[in-house]
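J.: Attaching a single structure in structure tokens format; questions to follow.
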Amino acid sequence: MCKQLLDAGVPGLHMYTLNLERSAVGILEAVGVLDTSKVPRTLPWRQVPATRPGETVRPIFWSNRPKAYLHRTLDWDSFPSGRWGNSRSPAYGTLSDYQFMRRHTSSDKRKDAARAAWGAELAGPEDVADVFVRYCKGEITMLPWAELEGLHSETSLIKEQLLALNAAGYLTINSQPALNGLPSSDPQFGWGGPGGYVYQKAYVEFFCAPEKLQPLLDKLDTAAAVTYIAVNAQGDVRSNMKEESVNAVTWGVFPGREIEQPTVVDPVSFMVWKDEAFDLWGSEWGTLYEEGSSSRKVLADIAAHWWLVSVVDNDHVKGNLFEVFGL
């Protein structure tokens with residue numbers, strides 16, 4: 001209807017939405033009025049100024065689930081500005097559960113779409129890994145750990161490496177490539193306004209089977225510039241980071257301003273995020289299958305025994321994070 005109106009010469013469209021903006025934005029994109037890839041970003045993650053005044057820093061773990069993070073922090077009295085401090089601070093408060101913002105399986109129609117993407121049945125972890133591979137290839141556009149459809153555009157720089165990781169059984173749910181001084185006006189990676197330069201450390205977060213963990217950690221321990229955190233659903237932790245440390249993985253330099261560090265890796269927040277990450281195996285993906293089915297058992301076994309691993313290459317100039325994985 002909007003296309004017909006525009007073709008007929010109407011001077012413009014006025015869109016109202018009483019809930020989420022996704023439908024309105026989708027319509028405007030489809031008729032060619034809006035190109036979201038060219039909308040300047042104040043920060044590298046989605047901002048809602050009306051409800052988040054002063055917030056300039058977030059943990060990277062919720063990058064693919066921004067709405068879950070927003071709802072889980074609605075009760076915070078204040079938000080980090082400038083630097084991410086002690087995440088145990090009473091000012092920030094405790095992250096609420098808020099049902100972890102399930103979305104892909106909230107109706108029969110969405111369950112049918114999810115089942116078509118994630119498989120009518122799962123014989124084993126290999127079938128699960130195949131779903132992640134197809135997601136990286138763009139053959140499917142949804143995963144339980146991503147609210148938005150499809151990979152972020154910036155992953156195009158590391159798409160082949162992500163494909164290889166998932167094919168090898170490292171099931172990636174979050175990542176970013178290294179950047180070294182790109183203009184803040186760059187249409188794909190820029191943020192923060194004109195005249196600046198933006199930087200990123202290479203980052204990857206994934207689930208892996210317990211038998212893969214120790215060989216991987218042995219390699220990570222020999223990589224001088226790499227820091228990591230690994231945790232299972234029971235809360236067992238393996239890490240070379242201090243618990244109270246905060247590692248900025250995205251930052252920007254702008255005229256007349258302090259260096260901004262909007263995205264961080266924080267071990268305390270990672271322990272909170274892991275509950276949500278492991279829960280999604282059952283509360284989102286597992287709901288597609290009958291209770292007691294082999295498919296549900298496959299997912300339950302992964303959630304119970306696999307590890308969630310966060311890895312940062314702190315050398316954003318010469319580092320090659322994927323070498324550690326033999327890629």
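J.: Restricting to the range 246-303, what's the tally of residues that are among the small types (Gly, Ala, Ser), part of a helix (DSSP H, G or I) and out of contact with any strand residue (DSSP E or B) (no Cβ under 6 Å at 6 or more places or on another chain)?
T.: 7
J.: OK, next. Please determine, by comparing only the residues of the range 194-216 that are of a type in the set (D, E, K, R) and in contact with a strand residue (DSSP E or B) (Cβ under 6 Å, 6 or more places away or on another chain), which one is least open to solvent (accessible area, probe 1.4 Å).
T.: In this case the residue turns out to be 205.
J.: Sticking with this structure for a sec: Limited to the range 134-167, what total is found for residues that are open to solvent by 60 Å² or more (accessible area, probe 1.4 Å), assigned to a helix (DSSP H, G or I) and aliphatic (A, V, I, L, M)?
T.: Qualifying residue count for the region: 2.
J.: In addition: Quick check on my filter: what residues within the range 304-321 are touching a strand residue (DSSP E or B) at 6+ places or on another chain (Cβ under 8 Å) and either surrounded by fewer than 16 Cβ atoms within 10 Å (Cβ to Cβ) or over 24 Å from residue 235 (Cβ atoms) (or both)?
T.: 305, 313, 314, 316, 317, 319, 320, 321
J.: Next question. Among the listed residues 175, 239, which satisfies the condition of being touching a strand residue (DSSP E or B) at 6+ places or on another chain (Cβ under 7 Å), buried (at least 20 other Cβ atoms within 10 Å of the Cβ) and without any contact (Cβ under 8 Å) to a residue 40 or more places away in the chain?
T.: Going through 175, 239 in turn, the sole match is 175.
J.: Within the set of pairs 6 or more residues apart or between chains, which connect a residue that is under 18 Å from residue 174 (Cα atoms) and among the aromatic types (Phe, Trp, Tyr) inside the range 117-137 to a residue that is open to solvent by less than 20 Å² (accessible area, probe 1.4 Å) and not in a helix (DSSP H, G or I) with Cβ atoms less than 6 Å apart?
T.: Partner pairs satisfying both residue conditions: 132/171; 135/143.
J.: So which residues in the range 89-110 are touching a helix residue (DSSP H, G or I) at 6+ places or on another chain (Cβ under 6 Å), at negative phi and either open to solvent by 40 Å² or more (accessible area, probe 1.4 Å) or modelled with pLDDT under 70 (or both)?
T.: Result: 102, single match.
J.: Can you name every residue in the range 287-300 that is closer than 14 Å to residue 127 by Cβ and either open to solvent by less than 50 Å² (accessible area, probe 1.4 Å) or touching a residue at least 60 places away in the same chain (Cβ under 8 Å) (or both)?
T.: Across the range 287-300, the qualifying residues are 288, 289, 293, 294, 295, 298, 299.
J.: Find the residue count for the range 138-150, including only residues that are touching a residue at least 12 places away in the same chain (Cβ under 8 Å) and either at positive phi or of a type in the set (D, E, K, R) (or both).
T.: Qualifying residue count, the range 138-150: 3.
J.: Could you go through the range 217-231 and let me know if any residue there is more than 17 Å from residue 321 (Cα to Cα) and surrounded by fewer than 19 Cβ atoms within 10 Å (Cβ to Cβ).
T.: So far as the range 217-231 goes, no, none of its residues is more than 17 Å from residue 321 (Cα to Cα) and surrounded by fewer than 19 Cβ atoms within 10 Å (Cβ to Cβ).
J.: Scanning for something aromatic (Phe, Trp, Tyr), within 22 Å of residue 252 (Cβ to Cβ), at pLDDT 90 or above and open to solvent by less than 30 Å² (accessible area, probe 1.4 Å), does the range 59-67 turn up at least one residue?
T.: yes
J.: Still on this structure, I have one more. Quick check, is residue 165 touching a Cys at 6+ places or on another chain (Cβ under 9 Å) and in contact (Cβ under 8 Å) with a residue 40 or more places away in the chain?
T.: In short, yes.
The values are calculated or read from the model by the stated rules, or taken from the named source; none is laboratory data. These numbers come from a predicted model, not from an experiment. A quick note on method: Cβ atoms are made from the backbone with ideal geometry, for glycine too, and the neighbour counts reach across all protein chains shown. Surface areas here come from the heavy atoms of the whole protein model, side chains and all, with no ligands, DNA or RNA. Shrake-Rupley method; radii C 1.70, N 1.55, O 1.52, S 1.80 Å.
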